[in-house]
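Report on one structure; see the data block that follows.
Coordinate-derived values only; no laboratory data. As the structure is a computational prediction, the values presented were derived from the model and not from experiment. Backbone-built Cβ (ideal geometry, glycine too); neighbour counts: all protein chains shown.
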Amino acid sequence: MVDHEMWGSTPARGRTDRLVAAVVWLAATVVTAVFLWILADLLRHGAGQISWTFLTAAPASAGRAGGIGPILVSTAWILAVCLAVALPLGLGTAVLLAELTSAEDAFGRLVRRSLDVLAGVPSIVFGLFGNALFCVYLGLGFSILSGGLTLACMVLPILIRSAEEGLRAVPDEYRLGGAALGLSRGKILLHLLLPAAVPGLIVGVVLGFGRAIAETAALIFTSGYVDRMPGSVHDSGRALSIHIYDLGVNIPGGETNAYATALVLVAILLLTNTAASLLGDRLRGRHAES
Amino acid sequence: MSTARRPSGRSRQWTSDRLLVWTLRGCGVLTGAVVALIAVFLVVESFGALSGVGLLRFFSDPSWHPSAGAAEGTFNLVPMLLGTLLTAAGAVLVATPLGLFSALFCRVYAPTAVARPYRRLIELLAGIPSVVYGFWGLVVLVPLIARFRPPGASLLAGVLILALMILPTIALAADAALSGVPRRYLRGAAALGLGRWATLSGVALPAARSGIATGVILAAGRALGETMAVLMVCGNVVEMPASVFDPVRTLTANIALEMAYAVGDHRSALFVSGLFLLVLVSGLVLAAESIERRKVVG
C-alpha cells in the first residue's frame, strides 16, 4: 500500500522538510502511545479478573462482584435478533443495488442516498426511534426484541455497502456465462454470484456485528438494564456495553469488573475482526486461483 | 455499468424471476424507508412540545426545567446545543491535524514495515466501542485533568476523548484520498525538482482536498452524534462553560440522562433535541456527498 517507489524519489531538502518529518513522526508516536496506554490499562486492570467463573456466573452486589454470564447471554440474543432481521433484508437490498439497478436509476439512487444518511444518524437518535416505534407503538416494551430490531436498522448501511462491493467485484463473465447456459436470474444469483461474493458478505457481517456489539446508546431505552438471565426475547436484557457504562458511572467500586467486561468486549471485537480478515484473504485467494 | 446486469427479455418469462425481482425491490423499499420512518417518528413525538411549547421557547426560556410541563416548565436547549457544538468543534480541531499527519505518516514518511502495522492500529482504534473510550476517559483522563484543574469532568475531557474517536475516520479518509492522487502529478513535481514537503503542500494535498474534506465532515457528524463517551467524561452540568475546564452537557447526553423518567412535554422535548441532531447530522452527510460528487478527477 505504501508508495515508496513514488515517494522515495521525492528528496527531503532543507529545514522545512526535516521539521515536517519530525512533526509527522511525533503525531504518529502520540497516537500509538495513547492506543497502547488504553490497551495496557485494560489488560492491567481487567486481565486478572477474567476466568471461567467470571464469564459464566451471575453478577452479584449490583455487578461489583460475580460475573457476566447473563449479560453475555443477553448480548448474544440481541445480536441474534439483529442479524436475523438485518441479514436477509440487507442482502436483498445489496443484490438489488448491485445487480438490478444501474447507476442512473432513480429508485436505486434514492435508496443509496437514504442509506448514506442512515449511516450518519447518531446512535442516541436510533435509541429514541426504537423506543418510540418498538417499545411503545408496537408494544414490545423494554425487551431483547426491541433492542435487536433497533440495532438491525442501525447496521443495515454497513452490511449493504460491503455486500454490494462484494457482488460488484464478481466478474461479468459469470453473469454472461450463466445467461448463455440459459440459467434463470435466480439460479445465477444463488449458484454463481453469491458464492463468488462470499468474502464481501463476510466482511459486511463482521463489520455489522462489530458495530452492533459496540453499541450502547441505542440500547439504553430499548433493551434496558435488567441483568438477570433472559427467559425469552420478550424479556429485558443488559448488553455488555451497558454493563460497562452502568458499572463505571452508577456503581461505586464497580471499576474492576467494568475493566474486565471492557476487556472481554474488546477481545471479542479483535478476534472477529482478525478472523474475518484472515478468512476473507483465504477465500479471495482461492477465488483467484480457480 | 455493463449491459450484462440488465434483465434480458428472455429471463422475464420466468415467474420465479419476477418473484425474485419483486422480493428484492421490497427489501430495497423497506431499507430505504427506515430513514423516513425515523424522521416521521421523531416529528410525531416532537409534535406535543413543538405545538405546546413552541420552537422559540427552546432558545428563549431562562433555563432547562422541563418536567413541570409546557405551562410552568422551562425549555432552554441553548446550553446543551452549545455543549454539543463546542465538544464537536474542539474534537475536529484536535483530530484533523493528527489524522492528516497519520495519513501522511502511513503513505509517505514511514518505512513499509512501520506503515502497515500503523494502519492496522488506526483501524483497531476505529473499532474500539465508544463506551470503552468513555470508561477509560472516566477512570484515567478525568482524574488526570482534575489534578491540574478540578473537577476534571469537563469540556476538555470530552474534546480529547472525542478527538481520539474521530481521528481514524479522518486518517483513513485522508489516506484513501492521498492514494488517489494521480502518479503523473507526483512525477511532474519530481521533474520540477520539488522537495518532499513542497510536493505534499503544493501538489498532493490540494489534489486530495475533496477526499480529506469529506472525511473531516463525516468525522464532525460522528462527533456531534456521539453519546456515551461525552456522557461519561463531560460532567453533564447544564450551564454555559466559561473555560475548557468547566463541565458541559451535550444534547445527546441530555437525552440519555433524562429519557428514563421523562413523560409528557418533557419526553416530547427530548425528541425535539433528537430532531435537531438528526437535521444537523443529515445536513453534514449530504454536504459531504455533494463535495464527493463535485470532485473533478484530474
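Gain in length, residue B:51 to residue B:23, computed as 0.36 nm per residue apart minus the alpha-carbon separation, to one decimal in nm?
My answer for the length gained is 6.0 nm.
Of B:100, B:160, B:124, which has the largest mean-square fluctuation in a 10 Å C-alpha GNM of chain B?
Comparing B:100, B:160, B:124 in a Gaussian network model of chain B, the most mobile one is B:124.
Take residue A:136, project a point 7 Å from its Cα along the Cβ direction, then tell me which residues of region B:249-270 have their backbone nitrogen under 12 Å from it.
Zone members listed by number: B:259-270.
Using a Gaussian network model of chain B whose springs link C-alpha atoms within less than 10 Å, name the residue from B:89, B:113, B:223 with the highest mean-square fluctuation.
B:113
Taking 0.36 nm per residue of separation and subtracting the Cα-Cα distance, what length does fully extending residue A:169 through residue A:232 add?
18.6 nm
What FRET efficiency would be calculated for the residue pair residue A:198, residue B:89, taking the C-beta separation as r and a Förster radius of 56 Å, to the nearest 0.05?
After rounding, the FRET efficiency stands at 0.85.
I need to check one value: relative contact order of region B:137-225, counting alpha carbon pairs closer than 8 Å and at least 6 residues apart, in percent.
Normalised by residue count, the contact order of region B:137-225 is 33 percent.
Treat the count of other C-beta atoms within 10 Å as a stand-in for reagent exposure and order A:190, A:89 from fewest to most.
Ordered from fewest to most neighbouring Cβ atoms within 10 Å, A:190, A:89 come out as A:190, A:89.
Name the long-range amide H neighbours of residue B:64: under 5 Å, sequence gap of 5 or more, or other chain; modelled H, no Pro or chain starts.
B:76
Taking just the alpha-carbon atoms of the protein assembly as shown, what radius of gyration and Dmax come out, in angstrom?
Here Rg and the maximum Cα pair distance are 25.0, 76 Å.
Would you mind classifying chain B by shape? Square roots of the alpha carbon gyration tensor eigenvalues, ordered a ≥ b ≥ c; an a/c under 1.5 is rounded, otherwise it is prolate if a/b is larger than b/c and oblate if not.
oblate
In Å, what Rg and Dmax follow from the Cα atoms of region B:132-209?
19.8, 57
Give me the net charge of residue B:45's neighbourhood, meaning all other residues with Cβ under 12 Å from the Cβ of residue B:45; Lys, Arg count +1, Asp, Glu -1.
0
Per residue of region A:152-162, what does 6.51 cos²θ - 1.76 cosθ + 1.60 with θ = phi - 60° give for ³J(HN,Hα)? Whole Hz please, x for Gly and Pro, Karplus curve as stated.
Along region A:152-162, the couplings run 4, 4, 6, 8, 3, x, 5, 4, 5, 4, 5 Hz.
Around residue A:66, which amide H atoms from residues at least 5 apart in sequence, or from another chain, sit under 5 Å from its own amide H, with H modelled in the peptide plane?
The list, which skips near neighbours in sequence, is A:60.
Could you go through region B:151-162 in sequence order and give the Karplus-derived ³J(HN,Hα) for each residue, using 6.51 cos²θ - 1.76 cosθ + 1.60 with θ = phi - 60°, rounded to whole Hz, and x for Gly and Pro?
x, x, 5, 7, 3, 4, 4, x, 4, 5, 5, 5
Pick from B:23, B:250, B:96: which residue has the top mean-square fluctuation in a GNM of chain B where Cα pairs under 10 Å get a spring?
B:23
Would you tell me the mean number of C-beta atoms belonging to other protein chains that fall within 10 Å of each C-beta in A:210-222, as a whole number?
Going residue by residue through A:210-222 and averaging, the value is 4.
For Cα pairs less than 8 Å apart in space and 6+ apart in sequence, what is the mean separation divided by the residue count of region B:98-193, i.e. the relative contact order in percent?
Once normalised by length, the contact order is 43 percent.
Tabulate in residue order the Karplus-calculated ³J(HN,Hα) for region A:39-49, using 6.51 cos²θ - 1.76 cosθ + 1.60 with θ = phi - 60°, rounded to whole Hz; enter x for Gly and Pro.
Along region A:39-49, the couplings run 4, 5, 4, 4, 5, 4, 8, x, 4, x, 7 Hz.
In nanometres, what is the gap between the two model label sites at residue A:16 and residue B:260, each 7 Å from Cα along Cα-to-Cβ?
5.6 nm
Given R₀ = 25 Å, what would the calculated FRET efficiency be for residue A:267 paired with residue A:60, taking r from the Cβ atoms and rounding to 0.05?
So the FRET efficiency works out to roughly 0.65.
Just need the relative contact order of region B:79-294 here, percent rounded to a whole number, with Cα pairs under 8 Å and 6+ apart.
Result for region B:79-294 is 31 percent.
Nearest 0.05, what FRET efficiency do residue A:191 and residue A:76 give at R0 = 25 Å with Cβ-Cβ as r?
Approximately 0.20, to the nearest 0.05.
Name the shape class, rounded, prolate or oblate, that the alpha-carbon gyration tensor gives for chain A, where a ≥ b ≥ c are the square roots of its eigenvalues, rounded holds for a/c under 1.5, and otherwise prolate holds if a/b is larger than b/c and oblate otherwise.
Since a/c reaches 1.5 but b/c is at least a/b, the shape of chain A is classed as oblate.
Whole percent per 5 Å bin, from 0 to the bin with the longest distance: what is P(r) over all C-alpha pairs of region B:26-95?
So the P(r) values, bin by bin, are 3, 14, 15, 14, 14, 14, 13, 8, 4, 0.
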